[in-house]
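Just below is one structure, and these are the notes that go with it.
The values are calculated or read from the model by the stated rules, or taken from the named source; none is laboratory data. Only a predicted model underlies this, so the values are computations on that prediction, with no experimental measurement involved. Virtual Cβ from ideal backbone geometry, glycine too; neighbours counted across all protein chains shown.
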Amino acid sequence: MKLDKVQITQFRNIESATIFPSPHLNVVVGQNGSGKSSFLESLHYLGFGRSFRTNKHKSVIQSAQSQFSVFAECTDHKDEQHKIGIMRNTKDEFLCSINGERSQRLANLVSYIPVQIFTPQSTDMLIGPPTHRRRFIDWGLFHVEQSFYTQSVNYAKILKQRNALLKYQQIGKKIDIAQMDYWSHQLAIYGEKIDKDRQNYISALKIIFKRISEQFLPEFSLEISYNRGWDSETDFLAALQQKLPYDSRIGYTSIGIHKADLKIKADGALAIERLSRGQLRMLVAALQLSQTLHLFEATNKSGIFLLDDIGAELDLDKRQKFIEALLDTNTQLFVTAIEKDHLSFVEEYNDKKMFHVEHGRVNEEQ
C-alpha cells in the first residue's frame with residue numbers, strides 16, 4: 001500500500017496539512033520542535049492506531065481542540081484505490097473510516113497499511129523486556145498470516161479466564177477443577193497454533209536475516225533463536241498441568257506464548273552484551289529490513305517505513321545503506337532529518353520528494 005494523499009488536522013502543532021508524497025522516498029526536514037516527528041507520528045496512527053511517543057491519545061490532540069484526524073488516499077499492490085482514516089477525541093473515543101464505511105475495530109484499519117518505524121529508541125526492542133520482541137514477531141504474523149489476529153485475541157481472552165480462576169483460588173475459594181481443565185485445554189489449542197505460526201515465521205525470517213546481517217554487520221556471526229515460553233520437550237497442555245500447583249500459588253499462568261522471547265546472539269554471546277550501541281542500531285535495522293523483505297516475498301505487499309531523526313542514530317554510510325536497501329523492497333519511505341546534509345546522498349535519487357516543516361506547517365519543496 002502506498003500513500004497518495006495525506007490530510008492531517010489538529011494533530012499536535014500541525015493545525016492542518018495536506019501532502020502528496022512520492023511512492024518511494026520522502027525526506028522531511030525541520031529543526032527540533034518544528035513538527036517533523038509529529039508528522040511521522042500521524043502516519044504511525046494509520047498503521048497502529050496509536051502513537052510511538054506516548055500512550056495518552058489526548059496529548060496528541062492540538063491544544064484547545066476536541067479531536068484530531070488523519071485521512072489518506074492509497075493505492076495497493078493491485079493498483080486499487082482506497083480511502084482510510086482515523087479520528088480520536090478528548091473523550092478517548094475513536095472512529096476508523098475505510099472506503100466510506102465506519103468502524104470501531106482498529107484491526108480493520110491497521111491491516112490495510114503495514115507500517116514500521118525506526119527511531120532513536122528502536123534499540124529498546126533488543127535491550128527492553130520480551131514484550132518488545134514479541135510485538136516484533138507478531139507484527140510480521142499479523143500482516144502475513146490471516147488467522148493470526150483471531151487466534152491471538154482468543155488466546156488472550158482464554159488466558160484472562162484461566163488467570164481469574166487462579167486468582168479466585170488465592171483468596172481461599174475452592175477451585176473448580178472442571179473449569180480449570182476446560183480453560184487449560186482451550187488455552188493449549190490456541191497456544192500451540194500460535195506457537196507453530198511463530199516458529200514457521202522465525203524460520204523463514206532467519207534465512208533473510210542471515211543475508212541482510214552479513215551486509216550490515218559483516219564482522220559478526222549473528223543467530224536468531226525463539227523461546228516459545230515453555231519446555232520445548234513438552235506439549236503445552238502437559239506443561240500447564242505440571243505448572244498448575246505453582247500457578248495456583250502465584251495466581252496467574254506462568255508459562256505460554258505470552259512468555260515467549262526472541263534471542264539474538266553475536267559470535268555465540270548475547271548480542272546486547274557483545275555489540276556496541278551503534279552496532280545494536282544496525283542489528284535492529286537488519287531485523288526490520290528482513291521483516292520488510294519477508295512481507296514483500298510472502299504477500300507481494302509493500303508497506304510504509306518511517307525513519308525518524310536518522311542522523312542521530314546512524315553514520316552517513318549506514319544511513320545510505322539502510323535507505324537504499326529499503327527502497328529496493330518497493331517500500332514507501334518517510335525520513336526525517338534536521339539538516340539536508342544528514343541525507344546528502346539522496347540528491348542522486350530521482351523519484352523523491354522533499355518537505356520542509358516549520359512551526360507545524362508542512363510544505364513541499366519544489
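List of remarks:
- Residues satisfying the stated conditions in the range 272-295, i.e. of a type in the set (Gly, Ala, Ser) and crowded, with 22+ Cβ neighbours inside 10 Å: Ala285, Ala286, Ser290
- A count restricted to the range 343-355 and to residues that are more than 25 Å from the chain's Cα centre (by Cα) and in a helix (DSSP H, G or I) stands at 5.
- Any chance Tyr252 is part of a loop (DSSP other than H, G, I, E, B), touching a residue at least 60 places away in the same chain (Cβ under 8 Å) and of a type in the set (Phe, Trp, Tyr): yes
- Residue within the range 61-77 that is of a type in the set (Ser, Thr, Tyr), under 25 Å from Ser290 (Cα atoms) and assigned to a strand (DSSP E or B) present: yes
- Whichever residue in the range 306-340 is within 21 Å of Ile202 (Cα to Cα) and not polar (S, T, N, Q) and, among such residues, is farthest from the chain's Cα centre (by Cα): Ala325
- Arg50 meets the stated requirement of being buried (at least 16 other Cβ atoms within 10 Å of the Cβ), among the basic types (Lys, Arg) and in the same structural domain as Ser22 (by TED's automatic domain parsing).
- In the range 268-277, the residues that are in contact (Cβ under 8 Å) with a residue 40 or more places away in the chain and in a helix (DSSP H, G or I): Ala271, Ile272, Arg274, Arg277
- Candidate set from the range 235-248 (those that are touching a residue at least 40 places away in the same chain (Cβ under 8 Å) and not acidic (Asp, Glu)); member that is surrounded by the fewest Cβ atoms within 10 Å (Cβ to Cβ): Gln241
- Test: Glu324 is surrounded by fewer than 17 Cβ atoms within 10 Å (Cβ to Cβ), part of a helix (DSSP H, G or I) and not polar (S, T, N, Q): yes
- Hey, Ser51 polar (S, T, N, Q), assigned to a helix (DSSP H, G or I) and either touching a residue at least 12 places away in the same chain (Cβ under 8 Å) or touching a helix residue (DSSP H, G or I) at 6+ places or on another chain (Cβ under 8 Å) (or both) or not: no
- Within the range 169-188, considering residues that are surrounded by fewer than 16 Cβ atoms within 10 Å (Cβ to Cβ) and assigned to a helix (DSSP H, G or I), the one modelled with the lowest pLDDT: Gln170
- Residue match in the range 197-214 (condition: over 30 Å from Met282 (Cβ atoms) and surrounded by fewer than 18 Cβ atoms within 10 Å (Cβ to Cβ)): no
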